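First up is the structure itself, then whatever we jot down about it.
The values are calculated or read from the model by the stated rules, or taken from the named source; none is laboratory data. Predicted model only: the values in this text are computed from it and were never measured. Every residue, glycine as well, gets a Cβ built from its backbone with ideal geometry; the counts of neighbours run over all protein chains shown. Calculation scope for accessible area: heavy atoms of the full protein, side chains included, ligands and nucleic acids excluded. Shrake-Rupley method; radii C 1.70, N 1.55, O 1.52, S 1.80 Å.
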Amino acid sequence: MNRRLDILPLTKSAFAPFGDVIEADPATLRYINNGTTERFHALAAAEAVGEGARVIINLFRGQPRAFPYEVGMMERHPFGSQSFSPISGRPYLVVVSEDEGRPGRPRVFLARGDQGVNYRRNVWHHPLMSLGAASDFLVVDREGPGNNLEEYFFETPFIISEPIL
């Protein structure tokens, strides 16, 4: 089996099985504050299930990855969604898998520096993959009791070649 993964552009339709792409969508535009502010409304919905759970906002600083990169594991969060919105304006990689009782073959997307993603709860994904330099992300996820992290380690890793930016 070919272990090399292609890098695809991040689009709403391609990413739909895994969650939402967070970007300025003219279809959701509302003017607020006497017309001085454009609001792109309801681009994603945060999920937090379980007694005592709440939605929190974090800042993550991702260190750049070296390529070729081995995708040796995936993770998912059974009790809540997790969104990543870049605030450094840099592109990054998004790696997701269909659930086949374990993660299936990963899919890799190149996100622009103005696109965020919201992984639905229970979606297999790779941890944050910054490109080129350390990058900051606004992260919305769940806090609360219970183990909200499941990890899976592949017997043979998949390979991502250097992205062309």
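Candidates V123, V108: the one that is more than 22 Å from V49 (Cβ to Cβ), in contact (Cβ under 8 Å) with a residue 12 or more places away in the chain, surrounded by 13 or more Cβ atoms within 10 Å (Cβ to Cβ) and within 14 Å of the chain's Cα centre (by Cα) is V108.
Kindly evaluate V71 against the criterion of being within 23 Å of P103 (Cα to Cα) and either part of a strand (DSSP E or B) or aromatic (F, W, Y) (or both). The answer is yes for V71. Applying the selection to the range 102-130, what residues are in a strand (DSSP E or B) and within 13 Å of H77 (Cβ to Cβ)? Selection gives N118, Y119, W124, H125.
Yes or no, residue by residue, for (1) closer than 20 Å to G116 by Cα; (2) polar (S, T, N, Q):
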| site | (1), (2) |
| --- | --- |
| R3 | no, no |
| T11 | yes, yes |
| F18 | yes, no |
| T28 | yes, yes |
| N34 | no, yes |
| A42 | yes, no |
| G50 | no, no |
| V55 | yes, no |
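For D136, the criteria (1) in a loop (DSSP other than H, G, I, E, B); (2) farther than 18 Å from F18 by Cβ hold in every case but one, which is (1).
Filtering the range 1-15 down to residues that are part of a loop (DSSP other than H, G, I, E, B) and either touching a residue at least 24 places away in the same chain (Cβ under 8 Å) or of a type in the set (V, I, T) (or both), which residue is farthest from S81 (Cα to Cα)? Filtering first and then ranking leaves R3. Entry remark, the range 86-97: residues being open to solvent by 30 Å² or more (accessible area, probe 1.4 Å) and on the phi < 0 side of the Ramachandran plot number 4 in total. Counting only strands (runs of 3 or more DSSP E) that sit completely within the range 16-66, those holding 2 or more residues that are at pLDDT 95 or above and touching an Asp or Glu at 6+ places or on another chain (Cβ under 8 Å) correspond to 29-32, 54-62. So P106 fits all but one of (1) touching a His at 6+ places or on another chain (Cβ under 6 Å); (2) of a type outside the set (D, E); (3) closer than 19 Å to A16 by Cα; what number is the exception? Tallying (1) touching a His at 6+ places or on another chain (Cβ under 6 Å); (2) of a type outside the set (D, E); (3) closer than 19 Å to A16 by Cα, P106 fails exactly one: (1).
Scanning the range 146-165 for residues that are under 26 Å from N58 (Cβ atoms) and open to solvent by less than 80 Å² (accessible area, probe 1.4 Å) gives G146, N148, L149, E150, Y152, I160, P163.
Matching residues to (1) buried (at least 17 other Cβ atoms within 10 Å of the Cβ); (2) in contact with a Gly (Cβ under 8 Å, 6 or more places away or on another chain):
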site	(1), (2)
T11	no, no
A16	no, no
G35	no, no
A44	yes, yes
V55	no, yes
P64	no, yes
P68	no, no
G72	no, no
S81	yes, yes
